[in-house]
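The values are calculated or read from the model by the stated rules, or taken from the named source; none is laboratory data. It should be emphasised that the depicted structure is a prediction, and the values quoted were computed from it without experimental measurement. Don't worry about glycine lacking a Cβ; one is built from the backbone with ideal geometry, like all the others, and counts go over all protein chains shown. Accessible surface is based on the protein model in full, side chains and every heavy atom, while ligands, DNA and RNA are left aside. Shrake-Rupley method; radii C 1.70, N 1.55, O 1.52, S 1.80 Å.
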Amino acid sequence: MDDQTSSLWQLPLHLQSLIQSELNEGEKITWVGTPIPRRFSMRSIGIVLFGIPWTAFALFWIAGAAGFKIPDFQKGFDFFPLFGIPFVLIGFGMLTSPFWMMRKARNTAYVLTSNRAIIFNGGFKTDIRSFEPESLGKLHRKQWKDGSGDLIFDKEFRFEQSNTRPQHDLGFLAIQNVKQVEDLVRQLIADTKSGST
């Protein structure tokens, strides 16, 4: 596999700075990648599908609360239908989630070093997570026909307002040449084991 450390300089400046400041002394980069924005945004398809009936019901509720007619401001204004607006805004957020996911992808970087795997999740703030070789033993690869895919290290459960625990994949998501990156990660694991014995 070609040396892809030059990809570091193609990242946004704030990510370059974060990556360089994250590295320990003597730690070398072996691979740098970013999510494919279109593929990454597909992870929000479930949110979009849920957002369609949510938004439709919110709009229907507002229309019903207004008596299914255009307000007549000469007779005063009824504020009750306005209580549905926050729900419409939530629905709009769900429907536009692919856009926000694509934006997040452009501010996300994945780094494999001589010591660990690091995820820099972008957005309004950057969440940095490190995975030592010992925690990478449960690798799981999802691959598409074009060779891109997800290299999953672990799954995370998050409690949400409905008290549900949806699973979220942790790893290098929506990357090019996922099999080759998996080989690099497995080599890191093997090197660590051989060095510890």
Exercise for review: Subtract the Cα-Cα distance of SER194 and ASP146 from 0.36 nm times their separation in residues, and report this length gain in nm to one decimal.
Suggested key: 13.9 nm
**Study point:** Gain upon complete extension [PHE50, SER135; 0.36 nm per residue less C-alpha separation]
**Key:** 27.2 nm
Study note, to complete from the structure: From highest to lowest solvent-accessible area (probe 1.4 Å; ligands, DNA and RNA excluded), MET102, MET94 read MET102, MET94
Point to revise | Protection-proxy order for peptides 179-185, 148-154, 133-139, each taking the mean of Cβ atoms within 10 Å per residue, highest first | key: 148-154, 179-185, 133-139
Exercise for review: Enumerate the lysines that LYS104 could reach by cross-link, defined here as Cα to Cα under 18 Å, with residues fewer than 8 away along the same chain left out.
Suggested key: LYS125
Exercise for review: Determine the order of TRP54, TRP9, TRP100, TRP31 by accessible area, beginning with the largest, at a probe radius of 1.4 Å.
Suggested key: TRP9, TRP100, TRP54, TRP31
Practice item. Kindly sort ARG38, ARG43 by accessible area of their heavy atoms, largest first, with the probe set to 1.4 Å. Key: ARG38, ARG43
Practice item. Mind grabbing the accessible area of ASP146 for me, 1.4 Å probe, Å², rounded to tens? Key: 90 Å²
**Study point:** Straight-distance crosslink candidates among lysines, where the alpha carbon sits under 29 Å from LYS193 and sequence neighbours closer than 8 are dropped
**Key:** LYS28, LYS138, LYS142, LYS155, LYS179
Review point. THR96 to ALA65: FRET efficiency via 1/(1 + (r/R0)^6), r the Cβ-Cβ distance, R0 25 Å, to the nearest 0.05?
Key: 0.55
Point to revise | Fully extended contour minus Cα-Cα distance, from GLN176 to ARG38, at 0.36 nm per residue | key: 48.5 nm
